[in-house]
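Heads up, the thing below is written out as structure tokens.
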Amino acid sequence: MPVQQFGELISDPQKLTRHIIKVILTSLSLAVVAGYFFDQKFSAFFAEPSIKATFRGPARILTDIGLSEYYFILALATWAFAKWVAPRISALKKHSNRVDFYRRWGLNFFVALIVSGVITHIIKFTAGRQRPHKTPNFDPFVFNPFTTHWHWHSFSSGHSQVIFTAATMMSVAFPRFRWFWIPFAMLICVTRIVVHDHFLSDIIFGACVGYVGTLLALSLMRTKTQNGLY
């Protein structure tokens, strides 16, 4: 989505609501289809010895790119630099509008991570889906709702939520490279299947939560504070 249209979406509550509902329903539909037809097959495919030997090592390294702490640090560091350091640098004073944008962007990014993260953990706790590597034959229909143990927190994927929150915010900050952010986020999501921490349906809805949570956070920041991006 072009940045201008993204801004218009955030600024129109009715349009935003319709868009969010559409994204959630589409993602849920895809997740259900994946759950019934592809989850077990994909997990079994990446368990084959030759496939596992080829892809698991690189996937185990890449998958950590989806850890939330990296993006919390990035968001806070950007906000702090733009708020306290940049104004003291004479070469940046003529770019005060851009500096102020990155100050607000860092704060909005931080809030987006919190909002989408809270939604993810509520879903994980409520659904109680067992992770692929803990299920016999990668059975995708084993559930134990309302448990705090991470073995039962497969749905939805937290890494996918984080990386799609990051990809959405990066597309806002660096729109010329939006062709890169989303495909890269999808690659990181797929690693969650390869390492058998999640099913396909988990990453589909995790990505949805990351995107929708970011939209909600940007809308919240716009209407409730003076630090909105739009």
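I want to confirm something. Restricting to segment 155-191 and keeping residues that are outside any helix (DSSP H, G or I) and modelled with pLDDT of 95 or more, which single residue is nearest to the chain's Cα centre (by Cα)?
So in segment 155-191, the residues outside any helix (DSSP H, G or I) come out as 155-157, 174.
Next cut, modelled with pLDDT of 95 or more only: 155-157.
Working: Phe155: 13, Ser156: 11, Ser157: 9 Å.
Only one residue tops the list, namely Ser157.
List the helices (runs of 4 or more DSSP H) inside segment 45-128, counting only whole elements, that have at least 3 residues being under 19 Å from the mean Cα position of the chain (by Cα). Steps first, please.
Values: elements: 49-62, 68-80, 90-93, 96-127.
Once the helices (runs of 4 or more DSSP H) in segment 45-128 are filtered for at least 3 residues that are under 19 Å from the mean Cα position of the chain (by Cα), what remains is 49-62, 68-80, 96-127.
Which is farther than 30 Å from Ala217 by Cα, surrounded by 14 or more Cβ atoms within 10 Å (Cβ to Cβ), touching a residue at least 40 places away in the same chain (Cβ under 8 Å) and not small (Gly, Ala, Ser), of Phe101, Phe46, Phe72?
Numbers: Phe101 fails: farther than 30 Å from Ala217 by Cα; Phe72 fails: farther than 30 Å from Ala217 by Cα.
On inspection, the qualifying residue turns out to be Phe46.
Can you find, within segment 150-187, the residue that is nearest to Val33 (Cα to Cα) among those that are among the β-branched types (Val, Ile, Thr) and surrounded by fewer than 24 Cβ atoms within 10 Å (Cβ to Cβ)?
Taking segment 150-187 as the starting set, the residues that turn out to be among the β-branched types (Val, Ile, Thr) are 162-163, 165, 168, 172, 182.
Narrowing further to those that are surrounded by fewer than 24 Cβ atoms within 10 Å (Cβ to Cβ): 172, 182.
Numbers: Val172: 31, Ile182: 22 Å.
Residue satisfying both the conditions and the ranking: Ile182.
Residues of segment 1-40 that are in contact with an Asp or Glu (Cβ under 8 Å, 6 or more places away or on another chain) and free of Cβ contacts under 8 Å to residues at least 12 places away in the same chain: Lys15 alone. Here Asn144 meets the list (1) modelled with pLDDT of 95 or more; (2) over 22 Å from Val23 (Cα atoms); (3) buried (at least 18 other Cβ atoms within 10 Å of the Cβ) almost entirely, failing just condition (3).
The values are calculated or read from the model by the stated rules, or taken from the named source; none is laboratory data. It should be emphasised that the depicted structure is a prediction, and the values quoted were computed from it without experimental measurement. Note: ideal-geometry Cβ built from the backbone for every residue, glycine included; neighbour counts use all protein chains shown.
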